[in-house]
Amino acid sequence: MHKTVRFILAGRVEEIRDCNPTRTVLEFLREDKDLKGTKEGCAEGDCGACTVVIGELHNDGLRYRAVNACIQFLATLDGKQLLTVEDLTRSGEHTTGELHAVQQALLEQHGSQCGFCTPGFVMSLFAMFHDTPEQAKGRTDIDLGLAGNLCRCTGYAPIVRAAEQALTAGRSDRFSTQQEHTVAQLKAIQSTDALELGGANGKFHAPRSMDELCHRLEADPQAVLVAGATDVGLWVTKQDRTLDSIIYLGEVAELKQVHDDGQTLSIGAAVSYTDAAAAISGRYPAFGPLIQRIGGTQVRNAGTIGGNIANGSPIGDMPPGLIALDAKLVLHSTQGERLINLEDYFISYGKQDLRTGECVAQILLPAPPDGQLFAIYKISKRFEQDISAVCGAFALQLDGTKINRARICFGGMAAIPKRATACEQALEGETWNQPTIERAMQAMLADFTPLTDMRASASYRMRVAQNLLQRFYLENTAPPYPVRLGLRYASQAPGRATGPDDADG
């Protein structure tokens, strides 16, 4: 094992031995390195003012991705490159005086705002600049890439124009030409053994295999498992919690794999939303638009589907759809693996079927059967980057006009993601028509007793859940219903929903 965090900053290798396991990248930059370009806004990964870019080895090359420095733990940078807004106008320790193409475009298009949030926009654009540089970025790509940067104090149009100016096809910059050198630097600091930090501030372990992880968890069962820290990071920044021991999953090779054998899609628990999206939406297209609305790009680059499940939240966006599709979980420990239905993992609020020493290892998603209809709908006050008031998923298998099987699951309607079993019974064996849907909507009243909170009232939640079943029916019957009602978003191509039941505007 090694006991020093090593990463590249400003062209040099930083080595940190005494590192508080919950010290954030933002704290390190502003307090330790006096790099004040990266700003603190919300301190919860929402506003994007703290956006930095992480470079890491990928397929023998280099991959850049934007993340939120405010909730990224510093020790997770081991073996990576950290880029801040200051790096864009300097080479090593020396300032070049030349603006990067994305900075120049923001200047020329008057999109630089008051200045506080601009560095975050710059870094998001920089990450987009290096993502498929052979292709120009269109408006949809730009909107998705900037959704995690919330400030609009100069108006959105100048920022979009700046992005369109900078993100042309065939773009390159100093970082592109220096890629071979950067790759060599990164290869030189890679480790083959686990990182282990310990001291008065707590312990941080980064095992590199499933076997190491299970033995570490057996020895330290109270340790907090962290992958993207998009949830755990807020325990620190918002709840001021002290975490005595952290086990980081981001270096466990088996947990970062996606495998499709044609029958089952296996997703490792430490695979990010960004890395899992293509495989999941390729099999079930309705997941694509849903994943695009989970946080901003920075959150999706760090957050994991396994973490979204493991934390047991009743309003996690992924479990309803996965449960509706009869997904399964593989749980690992030193005793071996255990396979359970995903819906059985959630027992009650704050309680999951996870034994001492176990961790979530894989999510198993079956191939869609013939005749299946499937859709997911997320209802939230804000379109992007918002927590669901209700998230509903519908999977029906039809034989002609007869409903052979129905699986319907909701988040936000109970203390756990929960199936609407009475509603399902009212559908199964019946004819796929409007009277059947109306009876099933009424049956749903027996399935849930939702709560009223700051996101929605109980009556609103119930009405929305019923109406989503109606929407699902209309979207899966003959035109002109889907087009006339404008209900395209959840089950078809990405775009903004205009349906009357979308509370997010």
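Nearest 0.05, what FRET efficiency do Ala184 and Asp211 give at R0 = 22 Å with Cβ-Cβ as r?
The calculated FRET efficiency here is 0.10.
Our coupling estimate for segment 187-199, obtained by passing each phi through the Karplus curve with A = 6.51, B = -1.76, C = 1.60 and θ = phi - 60°, is 4, 5, 10, 6, 10, 9, 10, 6, 8, 9, 10, x, x Hz, Gly and Pro reported as x. When the charge dipole of segment 1-132 is built from unit charges on Cβ atoms (+1 for Lys and Arg, -1 for Asp and Glu) and taken about the Cα centre, the candidate among Thr38, Ser124, Thr4 whose Cα reaches farthest toward its positive end is Thr4.
In this Cβ point-charge picture (+1 for Lys and Arg, -1 for Asp and Glu), segment 63-171 has a dipole of about 220 debye about its Cα centre. Of the residues Tyr284, Tyr473, ranked by 1.4 Å probe accessible area with the largest first, the sequence reads Tyr473, Tyr284. Taking 4.7 Å between C-beta atoms as the pairing limit, the chain has these partnerless cysteines: Cys19, Cys114, Cys153, Cys214, Cys359, Cys391, Cys409, Cys423. Annotation: Trp432 carries an accessible surface of approximately 30 Å², with a 1.4 Å probe and no ligand, DNA or RNA atoms counted.
In this simple spin-label approximation, Asp220 and Tyr460 carry label points 7 Å from Cα along the Cα→Cβ vector, and these lie 4.3 nm apart.
Classification of segment 302-369 by its C-alpha gyration tensor yields an oblate form. The axis ratio a/c (a ≥ b ≥ c) is 1.5 or more, and b/c is at least a/b.
Solvent exposure of Lys33, expressed as accessible area, is near 70 Å², computed with a probe of 1.4 Å over the protein chains only. Short-range pairs are left out: with C-alpha atoms under 8 Å and at least six residues apart, the relative contact order of the chain is 12 percent. Here Gln263 and Arg355 are evaluated by their C-beta separation; at R0 = 22 Å the FRET efficiency comes out at 0.20. Here Lys402 is the anchor, and the lysines within straight C-alpha reach of less than 29 Å, apart from those fewer than 8 places off in the same chain, are Lys328, Lys378, Lys418.
Taking label positions 7 Å along the Cα-Cβ direction at both Glu44 and Asn433, the computed distance is 4.9 nm, reported to one decimal.
For Lys256, a cut-off of 13 angstrom between C-alpha atoms picks up these aspartates and glutamates, skipping any fewer than 8 places away in its own chain: Asp275.
Taking 16 Å as the cut-off, the amide N atoms of segment 159-197 that come nearer than this to a point 7 Å along the Cα-to-beta-carbon line of Arg17 belong to 196-197.
Computed packing ranks the peptides 399-406, 23-30 as 23-30, 399-406, most packed first, by mean other Cβ atoms within 10 Å.
Ranked by solvent-accessible area (1.4 Å probe, protein heavy atoms only, all chains present), the residues Asp60, Asp131, Asp261, Asp386 order from largest to smallest as Asp60, Asp261, Asp131, Asp386. What number comes out for the charge environment of Leu331, summing +1 per Lys or Arg and -1 per Asp or Glu over other residues with Cβ under 12 Å away? With Lys, Arg at +1 and Asp, Glu at -1, the net is -1. Straight-distance candidates among the lysines for linking to Lys33, with alpha-carbon spacing under 26 Å and chain neighbours fewer than 8 residues away dropped: Lys3, Lys80, Lys187, Lys203, Lys238.
Solvent-accessible area of His58, all protein chains in place: 80 Å² (probe radius 1.4 Å, heavy atoms, ligands and nucleic acids excluded). For segment 78-153, which GluC sites (Glu not before Pro) are in a loop by DSSP, counting at most 12 other Cβ atoms within 10 Å? When the GluC sites (Glu not before Pro) of segment 78-153 are filtered for loop state and at most 12 Cβ neighbours within 10 Å, Glu93, Glu134 remain.
Each part gets one Cα centre, and for segment 1-37 versus segment 136-190 those centres are 24 Å apart. When all protein chains stay in place and ligands, DNA and RNA are ignored, the 1.4 Å accessible-area order of Asp78, Asp244, Asp344, largest first, is Asp244, Asp344, Asp78. Computed over protein heavy atoms with a 1.4 Å probe, the accessible surface of segment 1-64 works out to 44 Å² per residue. Distance from a point 7 Å along Cα→Cβ of Lys402 to each backbone N in segment 418-456: keep the residues under 13 Å and list them by number. What the label zone holds, given the 13 Å backbone N cut-off, is 428-432.
Rounded, prolate or oblate: pick one for segment 88-149, where a ≥ b ≥ c are the square roots of the eigenvalues of its C-alpha gyration tensor, a/c under 1.5 means rounded, and failing that, prolate if a/b is larger than b/c, else oblate. Working shown, then result.
Numbers: a/c = 1.93, a/b = 1.33, b/c = 1.45.
In terms of gyration-tensor shape, oblate.
Neighbours of Ile71 by Cβ distance under 10 Å: Lys/Arg scored +1, Asp/Glu scored -1, total -2.
Just want to confirm a number: the relative contact order over segment 38-110, from Cα pairs under 8 angstrom separated by 6+ residues, in percent. This gives 24 percent for segment 38-110.
The values are calculated or read from the model by the stated rules, or taken from the named source; none is laboratory data. Computed from a prediction, not measured in an experiment: that's the story for all the values here. As a convention, Cβ positions derive from the backbone with ideal geometry for all residues, glycine included, and neighbour counts pool all protein chains shown. Accessible surface areas use protein heavy atoms only, side chains included; no ligands, DNA or RNA. Shrake-Rupley method; radii C 1.70, N 1.55, O 1.52, S 1.80 Å.
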